[in-house]
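The values are calculated or read from the model by the stated rules, or taken from the named source; none is laboratory data. It should be emphasised that the depicted structure is a prediction, and the values quoted were computed from it without experimental measurement. Backbone-built Cβ (ideal geometry, glycine too); neighbour counts: all protein chains shown.
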Amino acid sequence: MGKAQKVVLAYSGGVDTSVCIPYLKKEYGVEEVIAFAADLGQGDELDAIKRKAISAGASDSIVGDLVKPFIEDFAFPAIRANALYQGKYPLSTALARPLIARKLVEIARELNADGVAHGCTGKGNDQVRFDVTIGALAPDLKLITPAREWGMSREETIAYGEKFGIVPPVSKKNPYSIDLNLLGRSVEAGPLEDPFEIPSEDVFDITSSILHAPDEPEMVDVLFENGNPVAINDQKLDPVSIIKKANSLAGKHGFGRLDIIEDRVVGIKSREIYETPGLLLLIRAHQELESLTLPADLLNTKFKLERQWADLVYQGFWFSPLKEALDGFINCSQKQVNGTVKIRLLKGNADVVGRKSKNNSLYISDMSTYGVEDKFNHKSAEGFIYVWGLPSRIWSWINKSKN
């Protein structure tokens, strides 16, 4: 494939993506660089980011409001899947990448660009997610990855950018690498590179410390319909507002902090700090409602597939045949996941203290009770246990007779 003349660049306003603009033009001979910044609810001054791209040499700078599809098409499926990478991380950053890559391809098609680019380095997960997604959606587009190829250190990258008037945004006062969207924050680098170092409070921003969290518990009711959260404390909300409300409630009580050693796709371990208060709260509530409304065999099978679903998303395979097939299973399983879960928030904890489902609860009180209302046939247990344990007894008879 020949040299790209017009390239759409995934742009964040940071050092690497800013330097990518003059680097693409000077080193790759790209004539036009169109910067695309995604609004994912991160609260940044996106107009300033747009102006920064132009000042760095972009021929055009586009800001896309992707908040609604981010929550409806990516976050809600993750909630239905109880998606937790390595059983802990709810994919708050990973979920954004296939959406950005999809939009990158759409813009390239609309503007007749012959290439797309990103500023991901060679050590991270995002390069995998962008490359795999773009390859799945538009294998004909030329993919350029300057930050993975230029071989410059952080200091050299900053110096290169300064030659083109690009001022580095990171100061000594903020040594961390931070990614933010509506689902949460991810923080790494700086002092956190020592896995034994206790994170200082300045690492966190959207969750209260336990010391400053309210001393009194707060009860939160989450209503689900077909596996999707639709209301909090009897207030019906749209998907974006649900996430915002859950973030506010859980974050106020210090819930949603994660400090984990994470296995990256490229084979190395990294220490990551996450704040995902609302997403973790909703996943916890959803898990509990499933325990009430789904039969044991379906729960067991879904539990195994949830881990696989999370792995696929983490590894960049959102647009893959296997992920699509798993979506079919998960979506089918959610038809009966209707009801309300009550959670008590207090000092960094979110404890499920109640659950109910008017039409889909599999908890039958007169079968479960030990009171006089008990309708369970206790006599049937003997025959059931005889048949249930028959394979073990046969094995024992056969093998003991040989001794």
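Structure values in brief
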{"quantity": "Conditions (1) at pLDDT 95 or above; (2) acidic (D, E); (3) crowded, with 16+ Cβ neighbours inside 10 Å; number of the one not met by D114", "calculated": "(1)"}
{"quantity": "Sole residue being in contact with a helix residue (DSSP H, G or I) (Cβ under 7 Å, 6 or more places away or on another chain) and under 30 Å from E156 (Cβ atoms), chosen from A48, A4, A96, A75", "calculated": "A96"}
{"quantity": "Residues (over 21 Å from Y274 (Cα atoms), touching a Phe, Trp or Tyr at 6+ places or on another chain (Cβ under 9 Å) and among the small types (G, A, S)) located in the stretch 327-354", "calculated": "G339"}
{"quantity": "Matching residues, the stretch 293-304, being surrounded by fewer than 17 Cβ atoms within 10 Å (Cβ to Cβ) and of a type outside the set (D, E)", "calculated": "P295, A296, L298, L299, N300, T301, F303, K304"}
{"quantity": "Matching helices (runs of 4 or more DSSP H) fully within the stretch 21-137 where at least 1 residues are over 30 Å from E225 (Cα atoms) and not assigned by TED's automatic domain parsing to the domain that holds L183", "calculated": "46-55, 96-110, 126-137"}
{"quantity": "Number of positions in the stretch 263-322 that are among the basic types (K, R), free of Cβ contacts under 8 Å to residues at least 60 places away in the same chain and closer than 27 Å to P191 by Cα", "calculated": "1"}
{"quantity": "The one condition in (1) surrounded by 12 or more Cβ atoms within 10 Å (Cβ to Cβ); (2) under 30 Å from F70 (Cβ atoms); (3) not aromatic (F, W, Y) that D374 fails to fulfil", "calculated": "(2)"}
{"quantity": "Of all residues in the stretch 228-263 being among the small types (G, A, S) and surrounded by 16 or more Cβ atoms within 10 Å (Cβ to Cβ), the one that is farthest from L346 (Cα to Cα)", "calculated": "A231"}
{"quantity": "Options P195, P199; residue that is surrounded by 12 or more Cβ atoms within 10 Å (Cβ to Cβ), in the same structural domain as K244 (by TED's automatic domain parsing), more than 30 Å from R102 (Cβ to Cβ) and of a type outside the set (A, V, I, L, M)", "calculated": "P199"}
{"quantity": "Test result for V387, closer than 27 Å to V230 by Cα and either among the hydrophobic types (A, V, I, L, M, F, W, C) or surrounded by fewer than 10 Cβ atoms within 10 Å (Cβ to Cβ) (or both)", "calculated": "no"}
